[in-house]
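The values are calculated or read from the model by the stated rules, or taken from the named source; none is laboratory data. This one's a predicted model, so the numbers in the text were calculated from it and none came from an experiment. Note: ideal-geometry Cβ built from the backbone for every residue, glycine included; neighbour counts use all protein chains shown.
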Amino acid sequence: MNRDDAPAADVRDAPDREVDEAIEDDGDMAAQARFALETLAELDGGNGVSLPRLAKRTGLRVSVLLRLYTLMSDARVGDAQGPGWVGLRVDEDGRWIARITPAGRGDGADDGHAEPAP
């Protein structure tokens, strides 16, 4: 059977695996966020860590890490400003790099952001 003979997949029946597998409820998301922040703190030696490396280490998808780290950055989501624990950038090769900030390590001066969860 070649590609032309194969039946077309019905995307309406396909589950959203990323949602089902990665973020099932708020408690799971909080645990993933804490684990992602702890792993970043462990691996970041000052130059940041690529999201693929973090994904391999945590077992979370890059898209999930990007979502979690964005929420932990200083980005605005709606009316809420993030806590500024993580910085995200794209390097010259197009790779997403996450770095933990002093506020993310709990070292920062009181800047009005909440401290990261232990």
Tell me whether segment 78-91 contains one or more residues that are at pLDDT 95 or above, touching a Phe, Trp or Tyr at 6+ places or on another chain (Cβ under 9 Å) and under 17 Å from residue 31 (Cα atoms). yes
Exclusive hit being at pLDDT below 95, in a helix (DSSP H, G or I), over 12 Å from the mean Cα position of the chain (by Cα) and charged (D, E, K, R), set 18, 24: 18
Limited to segment 57-97, what total is found for residues that are part of a loop (DSSP other than H, G, I, E, B) and within 24 Å of residue 107 (Cβ to Cβ)? 7
Somewhere in segment 96-110, is a residue modelled with pLDDT under 85, charged (D, E, K, R) and at negative phi? yes
